[in-house]
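A short write-up of the structure that comes next.
The values are calculated or read from the model by the stated rules, or taken from the named source; none is laboratory data. Nothing here was measured: the structure is a model prediction, and the numbers come from that model. Glycine gets a Cβ as well: all are built from the backbone with ideal geometry, and neighbour counts include every protein chain shown. Ligands, DNA and RNA are stripped out before the accessible areas are found, and what is left, the full protein with its side chains, is counted by its heavy atoms. Shrake-Rupley method; radii C 1.70, N 1.55, O 1.52, S 1.80 Å.
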Amino acid sequence: MLDMKFIRENPDFVKEAIAKKKTDVDIDKLLSLDNNRRDIIHEVEDLKAKRNQASSEIAKKKKAGESADDAIAEMKKVGEKISVLDGQLRGFDAQIKSISTWIPNLPHESVPVGGEDDMVIVREWGDIVKPSFKVLPHWEIGEKLGILDLDAATKISGAGFYLLRGLGGRLQRALVSYMLDTHSADGFEEVTAPYLVTEETMFGTGQLPKMEEDMYKTTEDGMYLIPTAEVSITNVYKKEIINGNDLPIKMVGYSPCFRREAGAAGKDTRGMIRVHQFDKVEMVKIVHPDKSYDELETLVAQAEKILQGLKIPYRVGTLATGDLSFAAAKCYDIELWAAGVDKYLEISSVSNFESFQTRRMNCRFRDDEKKIQFPHTLNGSGVALARLIPAILENYQNEYGTVTIPDVLVPYMGGIEKIG
């Protein structure tokens, strides 16, 4: 959430920033409610001061043996007025919270203005080699090799799911181990966190209320299946005050991810590209506000390290304002080349949320001067397997229908160098 004082002092800036995110929130109504709330607070404070003074006078009169009936009656009226105003104050608080929770994080000044088509490519890595043979898309080569069974997944759960068999399942397990080992070796604490979380937890990282329609919710207890391990891992420090000397905190975890949305009808719906359940390794950082944008660059490099190890061409782009998530101030997308579909696939999003999430979670830290501040949070996929496995099956495909295992994964595959 945004600091109300900042909104109050910079209303035009906030309105403009929200518009860049292609979001509409009534900031004028919010400020009007805030003004009314502050007026009531001042009035209540004056009345309480008056009540305290009357209480003191009553005590003096009683001590002097004088009648205090008139003062008691007056104090009762003041108390009743305070009670009415407290009720009005709760009403304003509820309205302010209702509007505030829909205000997105403001884009950082370095973020390009625009929409989905305005991502700015900042670098590319690796050479795209056009094979001399026709590369099959992952859903075809996966079926031929008996490692991807989409029919079974549909039979079990319906459209938008996939099932890996044999060496397909082992390939996914190898990738998870490779990523966790790589990130852990670079100082990330491995975390295995719950996949079901409370509404408060989902609110903390910004999935609620904005993305509620895309989430899977249990009916009896109101729990949510996580759309990403970011939710569970970031909330480890919900409602805590962190020692500033412990920053940065770096955590990494593997989880399945659950999302109702599976893309626009007819868009990338074949195979594993857009599905309701997929697996992902997620990195999270909680850092000092002064260092968060430097930490963002190192987090992107950490995700790139995985792809460089796999030797798959990719590119990194800065998302434009209108394509940022609700909670992000800045985001880099990493897109992996997939030879079978002959295009780039988004494989990782690496974002800086500044203090947006920590304000919602009430996660704070004590700085060197013993002052309490909100740290900044960052996260990045390290990386999404539902896009990575297709890219491996397509980029490492051989002419006669086999798939070579990337060298870095061979030890995790028990020495197996080829599928098929």
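Kindly provide the GluC sites (Glu not before Pro) of the stretch 104-197 that DSSP labels as loop, not H, G, I, E or B, and whose Cβ sees at most 16 other Cβ atoms within 10 Å. Spell out each step's value before the answer.
Values: sites: 109, 116, 124, 140, 143, 189, 190; in loops: 109.
Listed in order of number, the matching sites are 109.
What nm value, rounded to one decimal, do you get for the distance between residue 55 and residue 98 when each label is placed 7 Å out toward the C-beta?
Between residue 55 and residue 98, the simple spin-label model gives 3.4 nm.
If you average 1/r over every pair of different alpha-carbon atoms in the stretch 256-404 and take one over that average, what Kirkwood value in Å do you get? Each step should come with its number before you reach the end.
On the way: mean 1/r = 0.0591 Å⁻¹.
Kirkwood radius, the stretch 256-404: 16.9 Å.
What accessible area per residue comes out for the stretch 98-149, rounded to a whole number of Å², with a 1.4 Å probe? Don't skip to the end; give the middle numbers.
Working: 3070 Å² over 52 residues.
Each residue of the stretch 98-149 exposes 59 Å² on average to a 1.4 Å probe.
Kirkwood-based Rg over Rh for the stretch 1-131 (C-alpha set), two decimals? Don't skip to the end; give the middle numbers.
Values: Rg = 26.8 Å, Rh = 19.5 Å.
Checking Rg against Rh, the ratio lands at 1.37.
Step through the table entries 250/330; 210/305; 144/418, compare each Cα-Cα distance with 21 Å, and write down the pairs that go over it.
The answer is 210/305.
Pick out the long, greasy-scoring helices in the chain: whole DSSP H runs spanning 20 Å or more along their own axis by Cα, mean Kyte-Doolittle at least -0.5.
On the way: long enough: 27-63 (54 Å, -1.14); 69-100 (46 Å, -0.24); 167-185 (26 Å, 0.07); 292-310 (28 Å, -0.03).
TM-like helix candidates: 69-100, 167-185, 292-310.
Convert 4 °C to kelvin, take the viscosity as 1.567 mPa s, use the Kirkwood radius over C-alpha pairs of the stretch 49-97 as Rh, and evaluate the Stokes-Einstein diffusion coefficient in µm²/s, rounded to a whole number.
Working: Rh = 12.2 Å.
Answer from the Stokes-Einstein relation: 106 µm²/s.
For the residue pair residue 369 and residue 195, what label-to-label distance in nm results when each label sits 7 Å from Cα along the Cα-to-beta-carbon direction?
With each label placed 7 Å out from Cα toward Cβ, I get 4.7 nm.
Any idea what log10 I(q)/I(0) is at q = 0.07, 0.08, 0.11 Å⁻¹ for the chain, Debye with uniform C-alpha scatterers and no solvent?
-0.43, -0.54, -0.88
Quick one: putting +1 on the C-beta of Lys and Arg, -1 on the C-beta of Asp and Glu, what dipole do you get for the chain around its Cα centre, in Debye to the nearest 20? Numbers along the way, then the final one.
Working: 55 positive and 66 negative charges, 160 e Å.
Charge dipole, the chain, about its Cα centre: 780 debye, nearest 20.
Residues with beta-carbon under 10 Å from that of residue 150, excluding residue 150: net charge, scoring Lys, Arg +1 and Asp, Glu -1?
Details: positive: 155, 270; negative: 143, 149, 151.
It works out to a net charge of -1.
Stretch residue 117-residue 143 to full length: gain in nm at 0.36 nm per residue minus the Cα-Cα span?
Numbers: separation 26, 0.36 × 26 = 9.36 nm, distance 3.33 nm.
The residue 117-residue 143 span can extend by a further 6.0 nm.
Mind giving me the nanometre distance, one decimal, between the label points for residue 35 and residue 410, set 7 Å out from Cα along Cα→Cβ?
Distance between label points: 7.2 nm.
Could you identify which residue out of 181, 294, 149 has the top mean-square fluctuation in a GNM of the chain using Cα springs shorter than 10 Å?
Most flexible of the set in this elastic network: 294.
Please say if the stretch 169-309 is rounded, prolate or oblate, where rounded means a/c under 1.5 for a ≥ b ≥ c the square roots of the C-alpha gyration tensor eigenvalues, and otherwise the choice is prolate for a/b larger than b/c and oblate otherwise?
On the way: a/c = 1.82, a/b = 1.17, b/c = 1.55.
It is oblate, given that a/c is not under 1.5 and a/b is not larger than b/c.
Please compute, for the alpha-carbon atoms of the stretch 106-255, the extent along each of the three principal axes and give them in descending order in Å.
Ordered largest first, the stretch 106-255 gives principal extents of 57, 45, 37 Å.
Excluding same-chain residues fewer than 8 positions from residue 50, which lysines have a Cα within less than 25 Å of its Cα?
The qualifying lysines are 60, 61, 62, 63, 76, 77, 81.
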